[in-house]
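Note sheet for the following structure.
The values are calculated or read from the model by the stated rules, or taken from the named source; none is laboratory data. Fair warning: this is a prediction, and the values are worked out from it, not measured in the lab. All Cβ positions, glycine included, derive from the backbone under ideal geometry; neighbour counts span all protein chains shown. Accessible surface is based on the protein model in full, side chains and every heavy atom, while ligands, DNA and RNA are left aside. Shrake-Rupley method; radii C 1.70, N 1.55, O 1.52, S 1.80 Å.
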Amino acid sequence: VLGGTSAGCAVLGQFIFSAENGSVYSDEALTDPYNPYMTLEQDFLALAPLQGVITDTHFGARDRMGRLLGFLARILQDGWATRALGLGVDEGTALVVDPAGLGTVLGSGSVYLLVADTPPSQCQSGLPLAYSGPTLHRLSAGDTVTLPSGATSVTGTPLSASGGALSPADPY
């Protein structure tokens, strides 16, 4: 068994937000996805179900959707992957993943699955992120996702960024 909350969860994926220069807020990530706070690393751990995945925590409470989208944009833009998944986990919530990669949501909040399989149209230093194409799935207690494929029965909706803002503006 391997698990973690907060930063302990944030290091479980193939890709991680390293926070070398402190935290980054969604508006900062959307305004400039290469700002000094957007520090990413990869391959800290090698857990087969979490290959191609980046995780984020305290998700809805700290409005981290924009930064997770920024992380995914950077992963694809920087050539680390051609497809990546973002998992945003609310407080009071867990995604329990078995050895075969079947993840089940437990708890009172949600797990947000972002599937990014197309590169952003604009992701460069000093310019706002322009990205359409990722699909957002909101999973609640009892919902499942198969990792690392991202297959889930929960219907997804498009999520995009333009001009420093998300569309929809409140994706939670």
>> Apply the a/c threshold of 1.5 to the C-alpha gyration tensor of segment 1-99 and tell me whether it is rounded, prolate or oblate.
In response: oblate
> Which value in Å does the Kirkwood hydrodynamic radius of the chain take, with 1/r averaged over all unlike C-alpha pairs and then inverted?
Replying inline: 15.6 Å
>> Helix-only estimate, please: 222 nm mean residue ellipticity of the chain, summing -39500 (n - 2.57) across DSSP H runs of length 4 or more and dividing by its residues, to the nearest 500.
In response: -3500 deg cm²/dmol
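Ser23 to Tyr172: extension gain in nm, 0.36 nm per residue of separation minus the Cα-Cα distance? Don't skip to the answer; put the middle values down first.
Values: separation 149, 0.36 × 149 = 53.64 nm, distance 2.09 nm.
Once the chain is fully extended between Ser23 and Tyr172, it gains 51.6 nm.
Could you compute the net charge surrounding Leu127? Neighbours are other residues with a C-beta less than 15 Å from the C-beta of Leu127; K and R count +1, D and E count -1. Write down the numbers at each step before the final one.
On the way: positive: Arg74; negative: Asp27, Glu28, Asp32.
Within the 15 Å Cβ shell, the charges total -2.
Suppose we keep just the DSSP beta bridges with both residues in segment 34-172; what percent of those would be antiparallel, to 5? Don't skip to the end; give the middle numbers.
Working: 28 of 33 bridges.
Around 85 percent of the beta bridges assigned by DSSP in segment 34-172 are antiparallel ones.
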> Roughly what angle does helix 65-77 make with the longest principal axis of the chain, taking Cα atoms, 0 to 90 degrees, to the nearest 10?
Replying inline: 80 degrees
> Between Ser149 and residues 5 or more places away or on another chain, which pairs have amide H atoms under 5 Å apart, with H built 1.01 Å from N, and which residues are they?
Replying inline: none
> Heavy-atom accessible area of Thr31 with all protein chains present, probe 1.4 Å, nearest 10 Å²?
Replying inline: 70 Å²
> Over all distinct Cα pairs, what is the inverse of the mean 1/r for segment 12-54, reported as the Kirkwood hydrodynamic radius in Å?
Replying inline: 11.0 Å
> Over segment 71-151, with a single point scatterer placed on each C-alpha, what log10 of the ratio I(q)/I(0) does the Debye formula yield at q = 0.13, 0.25 1/Å?
Replying inline: -0.45, -1.09
> Sequence-distant or interchain residues sharing an amide H contact under 5 Å with Ala165, placed H: which?
Replying inline: none
> Considering only the other residues whose Cβ falls under 14 Å of the Cβ of Phe15, what net charge follows from Lys and Arg at +1 and Asp and Glu at -1?
Replying inline: -1
> What net charge do the residues around Thr144 carry, taking every other residue with its C-beta under 14 Å from that of Thr144, with Lys and Arg at +1 and Asp and Glu at -1?
Replying inline: -1
>> Take the chain, mark every one of the trypsin sites (Lys or Arg not before Pro) that falls in a DSSP loop and has at most 16 other Cβ within 10 Å, then report the longest stretch left between them, sites excluded.
In response: 84-172
